[in-house]
Every structure is written in structure tokens, then in C-alpha cells.
Amino acid sequence: MADRKVCILGGGMSKWGVREASIVDMAQEAAKDCFDDVPVLKKEDVDGLLFASSYCGRRSFQVNAAPVIAERIGIKPTSMCTRVDTLCAGGSSGIILATGLIKAGMADIMIVIGGEKLYTPQRWETYYSELASIDHDWDGAQGIGLPPPFFSMTAQEHMKRYGTTKEQLSAVSVKNRRNGLNNPKGHFQKAVSLEEVMASRPIAPPLGLLDCTPVTDGCAAVILTHEDKAKELSDRPLVYVRGTAQVALHSMSMNWPGEDLTDWVHLRTAAKKAYERARVSPDDIDVAQTHDCFTISEIIEMEDLGFCKKGEGGPFVESGKSDFGGKIPVNTDGGLLACGHPFGGTGIRQAREIVYQLQGRAIGQVEGAKIGLTHNLSGLNVEHTILIYGREP
Amino acid sequence: MTVLGVPILEGLYPSTMDLYPLEAKEFNRIHPFYENLRQKRFTTTKCKKCGSVPFPPRVVCPKCNSDDLEWVDLPTQGKVLRFTEEVAGVPHGFEAPLIHALIDLGEGRKLLSRVVNCKEGQLKEGATVKLAVFDIPAMVVENRGAMEERPRVFFAFEPVK
């Protein structure tokens, strides 16, 4: 059988934030929102589920969560029902895997759900559990679980090497919080001023509270199928998965692959592979959701994704080139800084936003968007994952 | 009826909540790293077949797949390339400021490590730091019903005075 072309039919989200809900509750909310988005689809026709969640094993005491979620949302998978864990890129990993299965004819209609319940009844456990996010025995034991220290050093390096300023870092937060203003599903719907970001409570200088994504509960879901089935089930313009890449080069405590911490070799490799596979160049991308876990991250991503030259990410963001009306609008739904970051949910939230953009129904619409990109960095910058979507296959 | 359950774990050792490695030999084939650390030696494995010296230590050479490895010493002093002082959001088990540095150990090795015995504002880029070994809470291993405490050490770096 020839490879089939794979489309995302629709997407949904639970409300994201500090939620009075369990992971199983939020997975149901996201799945409902997603099924409501594709009303013609019958649930019994969904033959597979991938559930992207890193922390359900630890913070919800629930391993092998996929069959639990399948039962709760009322589907009976016959192709695949499994959990995916790539921390911050789990959702994107799920979409890549579902694409591969459908493309190969091993599944027909799959729902990919992802998300986390990160808040525990006592807050110390919420933060303490982050020590499991990275190489436990080497980095976790050094207290490098939560990533601000690592990205603080990355920001310092970028400032020294390229003259990036704290104003430029802050501009990322201002833009993304503004983009999230009208997104009711995100964690925050409140704009912040440049002064507020600059003066926010220091976490790991130069990064302050408003340079960091919050800790967030939530789930998101998308449904994928092959082109023929997509035409049957939806009147909307089709959105194809055109090209993907996931690159891991190290585990961080030693063995960083770049020349210095601002040199994201693995991101450039992932970008090159994804652009090649999607048969596009950075200039072809109309809208992007990139992994703004910290303000410095988005600046370096602009460079290593090829939207601007190395070292020019600061001025690129500050001059509005990554804003609506600029060269490439980035994080149009608010990104991680406004929506929050329930790890396994983020790649799916990004995919949902790109699908809405390419179908012309986003809350903050980029006019005429035809090609979109999503990007995640995961762990302590150990892995980069990219998906490129298009109105054409 | 009596409801058992474990609302709060009193007097039990939940290893899945332990931020430090399970260093005891029953749980870890690289336990010599920790035994060497106790002697203030910072060590890793060297492949006897192809000569590669990866860190962290392995049980199989990642280059040539040989499992014929030996323990060798790494430098215990290095220079601070960049550092960061985390002042808020420090995880349980650590105190603010939690200082981390990217340390150049020479021989092309860079290590991200915690810096201890150092006050906020004291560290400088280019400063020399050395290996610091300290006791951490013991882990508990059940041996034929008896609970045995296994003392442990761990490492960070500290400024050379």
C-alpha cells in the first residue's frame, strides 16, 4: 500500500490553569472539546489512542494511563492504545507517532490526548517532583530539576555574546501575554507591560517570574486520520502533517553538544530535517508556535529555526517581527508564557492552534496562513521536536 | 473494620521520593563511583577496548559496546565558565540561593554542577572550584525483613579558598 497522507481533523482543550480536577477529568474535558470540534465523527470509529503524559505515573499514581483514559472517554481502541512520555514534547511525539501509524495503514482514526495534573495537595511535592524531569541520578541530585538555573545561564551567555538585553527578553513575555488575552482556555488572560516584566520577582537572574512559564494543569486533544477519511468527515480545509523531526543529542549533565549554551545544534538539525521532509524553507512558514518555556528560549528559537540570523533573535522580537503583522507571527495563542505548560499537553495545544490558523478560525487569525510550524524543546534542552503542517500535502 | 492505607508514610523509606541515587550495590552497578567519591576521588569508566572515557560512568561502552571497562580518575578542579544563583522556587531538599555553575574541567569536559560552601554574590566567572564530597541521608535496604541503613555521600563543587 502506498503511504497515505495524514490530516488533523480538529482539536480541543480543557481549561488550563490551577485546576480543581484530576488528570482523568481533564482528559475527558479535552476529548469532549475535540469530539465537539468534529461533530460528524462517530466515537466508535476512533480506533486508536495515544496519551502523552509524563507525570501521571508520579503525581496521579497512575501508570499505564492510556486504557483508563480510553474507557473514560468511551472509545474501544483496536489499533493502538498507549502512553507516550517525552516530557515537554510528549504531545508532539504522540502526533508524530499517530501520523506514522496512519500513514502506514496500521491505524485509521486516532485521538491523541496529552496533559498533566501537576499541582499536588501539598505544594512542596509539585516542585520536588520536577527533579524527576531530567537525568535523576546526575542532574536531579544537583537540584537542577526545575529549569530556571539552566536557562538563566543560557540567557547570560546570549547577553554577553550577542548583546541581547533584558528589554528584549521581556518583549517576548509582553507579546505572548498579549496574544493570550482572548484565549479563554489558557492559564492567563492578563496583559503585562514591559516595566512589569522587567521588575518581576527574580527567580534565577536575569530571569524573573514573568520570564518563566507557570506550573499549569490541563489537557489537550487532536484527532488525526488519512486524507480520504478526512474529506468524508469534515467540510473544513484539510490540514496535512507535512514533515516532522525529533533530535536528541545528550542528557545534559555533561556532553552538551554546542559550542556554548546558546548554540542549539540539535534544534538546527531538527529544523533542517523537518524543512527537508516538508519541502519548505523557513521563509515559507506563515505562523509558528515555538517553545517559549522562558523568554530566552523563544529568542534563540527564532535564530536556530532560521527566522533570523544567529544572534539577532533579541532585535527580531523587540522590533515586532514575530508579532501579528510582522515577518512571522509566533505563539499566536499566547504560547507557554500565557497558556501555561502541562508538559504532554503543549505540543497538542500548539497543533490545535496551527490547525485553527490554517483553517482560518483562530481567535487571533494570521490572514491567509497556509503553512504552520510547531516546536518543542524538552527536558533541560536535551531534545528538539518540530512538526510542519500545511494546507497542501 | 480497620482501614489500613498509607495517608502519611511514617518510618518508611519511599525510594521513589529520594532525590539522590540509590547508591547501594544491590540497586546500582556503578556503585564504585560512590565508593570512590567517599575517598574524595571523582571517577568514571574507561573502555579497555577503544579507550573512550564517557561521563557519567557506564556499564557498557557507548562507542564500541564493549563491557570491559575500568575505573579512572577525572580532574577534581575546574574553572567556572558561567554560573547562576536561583533565589526562588528552589526544590525541597535544597536551600536558596541554589548556585549552579558550568565548570570547565579541562580535557574538553564541561560539567554542570551545584556549587556549595559559597555565599550569594561570592562566586565569579573564571574562579577555580574543586570537588566537594558530603554526607547525604542514608538509604534503607530491606534484607530478610531487617531494615539496613546504607550511608551515602554525594558531590558538588566549592570555591578554592
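Read the figures in this text as sums done on the coordinates, not as results from a lab. Owing to the predicted nature of the structure, the values given are computational and were not obtained by experimental measurement. Note that we place each Cβ from the backbone using ideal geometry, even for glycine, and neighbour counts take in every protein chain shown.
Numbers for the structure displayed
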| quantity | calculated |
| --- | --- |
| Percent of beta bridges antiparallel (DSSP, the range B:76-159, rounded to nearest 5) | 95 |
| Radius 14 Å from Cβ of B:Met147, net charge of other residues (Lys, Arg +1; Asp, Glu -1) | -3 |
| Percent of alpha-carbon pairs separated by more than 20 Å within the range A:79-164 | 58 |
| Debye equation applied to the C-alpha atoms of the protein assembly as shown, log10 I(q)/I(0) at 0.07 Å⁻¹ | -0.41 |
| Per-residue average of Cβ from other chains inside 10 Å of B:92-100 | 5 |
| Length-normalised contact order of the range A:236-385 in % [C-alpha pairs under 8 Å, at least 6 apart] | 31 |
| Within chain B, longest stretch free of exposed GluC sites (Glu not before Pro) [DSSP loop, at most 14 other beta carbons within 10 Å] | B:11-94 |
| Equivalent-ellipsoid semi-axes of the range B:76-159, from the Cα gyration tensor, Å, largest first | 30, 17, 10 |
| Under 5 Å, built H, 5+ apart or other chain: amide partners of B:Ile136 | B:Arg152, B:Val153, B:Phe154 |
| Number of Lys pairs (Cα under 15 Å; 8 or more positions apart or on different chains) in the range B:76-159 | 4 |
| Dipole of the protein assembly as shown, positive direction: furthest Cα of A:Gly91, B:Val53, A:Ser133, with charges on the beta-carbon | B:Val53 |
| Of B:Ile103, B:Ile30, B:Ile136, the one that fluctuates the most in a GNM where chain B has Cα springs shorter than 10 Å | B:Ile136 |
| Pair-distance profile P(r), taking every C-alpha pair of chain B, with 10 angstrom steps and integer % | 9, 29, 32, 20, 7, 2, 0 |
| Max mean-square fluctuation residue, GNM over chain B, Cα-Cα springs under 10 Å, options B:Leu19, B:Leu69, B:Leu111 | B:Leu19 |
| Label-to-label distance, nm, for residues given as A:Val63 and B:Glu95 (7 Å Cα→Cβ offset) | 3.6 |
| Contact order normalised by residue count of chain A, Cα under 8 Å, 6+ apart, percent | 25 |
| The range B:76-159 - percent relative contact order, Cα under 8 Å, separation 6 or more | 29 |
| Efficiency of FRET between A:Ser319 and A:Asp260 - r from beta-carbon atoms, R0 22 angstrom, step 0.05 | 0.30 |
| Chymotrypsin sites (Phe, Trp or Tyr not before Pro) restricted to the range A:51-85 and DSSP loop, no more than 13 other C-beta within 10 Å | A:Phe61 |
| Cβ-based net charge around B:Val87, under 12 Å, with every Lys or Arg adding one and every Asp or Glu removing one | -3 |
| Spin-label model distance (nm) - B:Ala88 vs B:Lys124, 7 Å beyond Cα toward Cβ | 3.0 |
| For B:Gly121, net neighbour charge (Lys/Arg +1, Asp/Glu -1) across residues whose Cβ lies under 14 Å away | -2 |
| DSSP-defined antiparallel bridges as percent of all bridges, chain A, nearest 5 | 70 |
| Residue-by-residue Karplus 3J(HN,Hα) for the range A:88-98, coefficients 6.51, -1.76, 1.60, Hz, glycine and proline x | 5, 10, x, x, 5, 4, x, 5, 5, 5, 4 |
| Part-to-part distance (alpha-carbon centres) for the range A:59-90 and the range B:9-82, which is given in Å | 34 |
| Theoretical FRET efficiency, 1/(1+(r/R0)^6), r = Cβ-Cβ of A:Glu44 and A:Asn182, R0 25 Å, to 0.05 | 0.10 |
| In sequence order, calculated HN-Hα J values of the range B:45-51 (Karplus, 6.51, -1.76, 1.60; Hz; x Gly/Pro) | 9, 10, 7, 6, 7, 10, x |
| Restricting the range A:5-86 to GluC sites (Glu not before Pro) in coil, as DSSP defines it, with at most 12 other Cβ within 10 Å | A:Glu20 |
| Using a Förster distance of 56 Å, the FRET efficiency for B:Val153-A:Asp235 (Cβ separation, nearest 0.05) | 0.30 |
| Long-range amide H partners of A:Gln289 with built H, under 5 Å | A:Asn331, A:Leu373, A:Thr374, A:His375 |
| Theoretical ellipticity at 222 nm over chain A - DSSP helices of four or more residues, -39500 (n - 2.57) apiece, nearest 500 | -10500 deg cm²/dmol |
| 5 angstrom amide H check on A:Thr216, placed H, neighbours 5+ away | A:His341 |
